[in-house]
1. With charges only on Cβ, +1 for K and R and -1 for D and E, what is the dipole size of the chain about its Cα centre, in debye, rounded to 20?
2. Distance in nm between label sites at ALA229 and THR137, each 7 Å beyond Cα in the beta-carbon direction?
3. Quick check: residue separation of VAL210 and SER237 times 0.36 nm, minus the Cα distance between them. What number comes out in nm?
4. Just to check I understand the Karplus step: with θ = phi - 60° and J = 6.51 cos²θ - 1.76 cosθ + 1.60, what whole-Hz values come out for the range 53-62, glycine and proline as x?
5. Can you figure out the FRET efficiency of VAL438 with ALA381, using R₀ = 22 Å and their beta-carbon distance, to the nearest 0.05?
6. Could you give me the percent of Cα pairs per 5 Å distance bin for the range 46-203, shortest bin first, beginning at zero and ending with the bin that holds the maximum distance?
7. Given a Förster radius of 30 Å and the C-beta distance between GLN304 and ALA178 as r, what FRET efficiency does 1/(1 + (r/R0)^6) yield to the nearest 0.05?
8. Given ILE101, ALA127, ALA226, which one lies farthest toward the positive end of the charge dipole of the range 35-230, if we put +1 on the Cβ of every Lys and Arg and -1 on the Cβ of every Asp and Glu?
Amino acid sequence: MTAASAPAEASTDSGDQHLRGIARGGGLNLIGAILSQAAVFVIMLLLARALGMTQVGRYAQCYAVLALFGLLSLSGFRAGLTRFVAVHLADDDSASVRGTIRLGLLISAGSAAVIAAGLAVAAPWLAAALNDPQLTTGLRLVALTLPASTICEAALAATRGWRTQRPFTLIGQVYEPATRLALTALALVTGAGLTGAYWALVGAAWSAAVLALGALRRLLRTVEPARPAYRPRQLFSFSTVSWVSSLSSTGLIWVDTLLLGFFNVGIQEVGVYNVATRLVTIAIFVLAPINASFGPHLAYLYHQERMDEVRRIYRAATGWVVRLSLPAFVALLVFPGDLLRLFGGGFAAGAAVTMILALGQLVNTATGPCGTVLNMSGRVAVNMYDNLAALLLNVLLNLWLIPAYGIVGAAVAWAVSLAAVNVARVLQVRALVRALPVSAGMLKGLGAGAIALLAGMGVRWLVPGSLTQTVVGLAVIAAAYLGGVLALGLSREDVMVLRTLVRRPGRAKAAAVTP
């Protein structure tokens with residue numbers, strides 16, 4: 001081995017270790033995401049079947065309020081907790097780790113309590129603004145849920161700083177959705193109706209918060225005892241910008257639902273739109289778990305100025321997201337109406353909405369975790385301006401398109417805004433860290449996706465009967481995609497990741513070397 005080649009090989013080995021770490025965490029998160037999305041899907045299915053489109057619309061609007069106020073109360077500390085815990089652990093600064101966690105939890109919980117009290121008092125006025133006084137009870141129960149949801153998310157964000165995904169997955173993506181599903185089903189069986197479904201949110205959130213705090217406490221025991229050192233200026237400067245960014249990003253997801261209510265489009269139309277949105281969300285279920293695993297590793301590597309490895313894991317993560325998501329996107333584009341009929345015949349009217357939303361999310365997927373790259377590299381202000389611009393564009397398009405085109409207009413506004421912000425982020429990441437998300441793995445995945453799309457369209461043209469056509473079509477899409485992937489070949493990184501995922505946990509732990 002020459003002296004020049006030694007650093008390159010050491011960098012490759014270190015990069016492999018981080019890719020394996022992302023794969024292990026991402027694989028665990030992926031299982032959790034599948035279970036979480038399945039639980040959300042079944043909840044919406046149960047509500048639609050048992051209560052109808054009108055009640056689904058009310059549930060959707062209350063959940064939108066919970067999502068938006070949850071970010072408002074978290075005050076940006078979710079990303080800040082993950083980033084600075086990872087950075088302080090890299091510096092072996094246990095005092096700053098403890099101070100960061102304590103400060104983040106106290107401020108998040110305190111702001112959540114204040115906002116929840118205000119929401120409980122203002123619930124009748126907010127329900128009137130949304131043109132549905134019957135939302136009052138749901139909004140007050142959302143207020144009761146809000147502090148627990150905020151505490152849970154903040155604690156789980158801090159645990160990710162240890163570059164472990166177990167608490168986040170097991171509590172946030174498995175326990176909480178599964179508990180919410182079980183309690184919702186119990187409420188519907190016992191005749192508690194929509195109010196019972198709201199109480200399911202309360203019970204699941206508070207029990208998950210207790211478990212999240214317990215998991216964080218166990219991880220803190222692995223850090224050297226020290227008097228907490230507080231760095232409020234560092235944490236606040238990052239978290240304030242991150243808060244505006246996250247609020248804008250979540251607003252981009254939920255503002256259309258609220259504006260549909262504001263324009264009095266009709267609560268049934270809101271229900272159809274929300275079901276279509278949830279269906280499309282299933283297609284990108286891999287994005288959040290891989291992002292969650294990718295972020296701490298990127299923060300760790302970027303802090304140590306290991307830019308070659310940063311670029312490598314960015315390309316690899318994007319390739320995995322694209323290839324794992326494409327079969328679901330193909331299914332949504334070929335059989336949108338048939339999939340919506342699972343919720344009831346009336347929901348098939350959202351087929352056009354589903355296809356439009358799917359195209360917007362496809363761009364989101366193909367651009368990879370570019371927002372996470374900006375955040376974890378310290379460019380959180382850039383990400384904030386991106387999200388604010390996207391939210392403003394979305395609101396303006398909604399104000400223009402909803403009155404004329406209803407839920408189709410809202411879908412177009414959302415898809416255009418999402419595509420625009422992600423293209424902008426790709427260009428920014430290219431300028432800032434000299435990285436593009438394009439890789440051979442992504443291109444092979446797109447090729448396999450084109451093969452699956454042609455196969456699915458063939459089934460749609462040749463096979464009669466809606467149910468038979470859908471079942472056969474989904475099977476053919478999956479088989480054609482898998483065949484295309486194998487025919488185009490797996491990369492060295494793909495093989496390494498697959499071996500990491502199938503390796504027994506004990507062997508994987510023994511083989512892993514902490515970078």
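1. 960
2. 5.4
3. Value of the extension gain: 6.9 nm.
4. Computed from phi, the couplings for the range 53-62 are 5, 4, 6, 4, x, 5, 4, 4, 5, 5 Hz.
5. Efficiency, from the Cβ-Cβ distance: 0.25.
6. 2, 9, 16, 18, 17, 14, 10, 7, 4, 2, 1
7. Result of the calculation: an efficiency of 0.20.
8. It is ALA226, whose Cα lies furthest towards the positive end.
Values quoted throughout were computed directly from the atomic coordinates according to the rules given, and no laboratory measurement underlies them. None of these values were measured; they are calculated from a predicted model. So basically every Cβ, Gly included, is an ideal-geometry build from the backbone, and we count neighbours across all protein chains shown.
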